[in-house]
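Here is the structure we will look at.
The values are calculated or read from the model by the stated rules, or taken from the named source; none is laboratory data. These numbers were taken from a predicted model, which means no experiment stands behind them. Virtual Cβ from ideal backbone geometry, glycine too; neighbours counted across all protein chains shown. Heavy atoms of the whole protein, side chains included, go into the accessibility calculation; ligands, DNA and RNA do not. Shrake-Rupley method; radii C 1.70, N 1.55, O 1.52, S 1.80 Å.
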Amino acid sequence: MTASSVDSMAMRQTMGRFATGVAVITTEHDGVPHGMTVNSLTSVSLDPPLLLVCFNHGARSAEAVTAAGRFVVNILSSRQQPIALRFAQRGEDHFAGLGLEYDGHRAPVVPGALTHVDCDVERVVEAGDHTVVFGAVVDVCSREGEALGFHGGRFAEVTPHGHEPEHWFF
């Protein structure tokens with residue numbers, strides 16, 4: 001690999017212009033639940049159904065995912081910014097005070113997420129400062145709602161063109 005003259009902060013700012021969704025990756029290893037907020041997630045293949053997720057090197061959740069051999073992708077709704085922030089904190093017990101829910105999945109799920117995607121670890125690749133985990137999708141469940149977005153280092157609204165934003169009342 002050749003050395004790049006691109007500064008890491010310039011790369012971060014440049015890629016921050018690419019809007020993404022927000023998800024929490026969850027797993028359970030040796031009876032301990034693990035979870036981490038990510039926005040580096042993409043579909044790789046429809047047939048067979050594969051996706052990939054990127055973790056920072058050394059992330060406890062990445063180690064738990066690879067050791068467990070399975071994980072759930074929880075795509076967050078626009079109302080779940082506090083959940084995204086909670087699971088983004090390093091070194092915290094992200095599940096403290098939350099009841100664990102499985103909803104038929106093999107790992108804990110985030111209640112109220114738009115989608116739960118149950119995956120088996122297909123392959124793990126070390127790339128730069130990240131661990132890339134490919135997941136073979138074994139089950140999906142979804143509900144209607146607006147997704148939580150991320151753009152320019154901040155949470156963002158994702159509203160399809162031609163639709164009014166959903167209003168939530170508490």
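Observations on the structure shown:
- Taking a ≥ b ≥ c as the square roots of the eigenvalues of the alpha carbon gyration tensor, the chain is rounded, as a/c is under 1.5.
- Accessible area in square angstrom per residue, the range 1-158, 1.4 angstrom probe: 57
- Ordering Leu41, Leu52, Leu85 by accessible surface, largest first, gives Leu85, Leu41, Leu52; the 1.4 Å probe counts only protein heavy atoms, with every chain in place.
- The range 18-86 and the range 98-164: distance between their alpha carbon centers, rounded to Å: 6
- Considering only Ala147, Ala59, Ala107, the mean-square fluctuation computed in a Gaussian network model of the chain, springs between alpha carbons under 10 angstrom, is largest for Ala59.
- Within the chain, helix-based [θ] at 222 nm, where runs of 4 or more DSSP H residues each add -39,500 (n - 2.57), nearest 500: -4000 deg cm²/dmol
- Largest accessible area first, the listed residues Val158, Val137 line up as Val158, Val137 when surface is computed with a 1.4 Å probe on the assembled protein chains.
- Result for the chain in a Gaussian network model with C-alpha springs under 10 Å: among Ala127, Ala67, Ala19, the largest mean-square fluctuation is at Ala127.
- Figure note: Ile25, Ile83 ranked by solvent-accessible area, largest first, 1.4 Å probe, ligands and nucleic acids not counted: Ile83, Ile25.
- Each peptide in 71-80, 26-35 gets a packing score, the mean of other Cβ atoms within 10 Å over its residues, and the list from highest to lowest is 71-80, 26-35.
- Using a probe radius of 1.4 angstrom, the carbon and sulfur fraction of the accessible surface of the chain is 54%.
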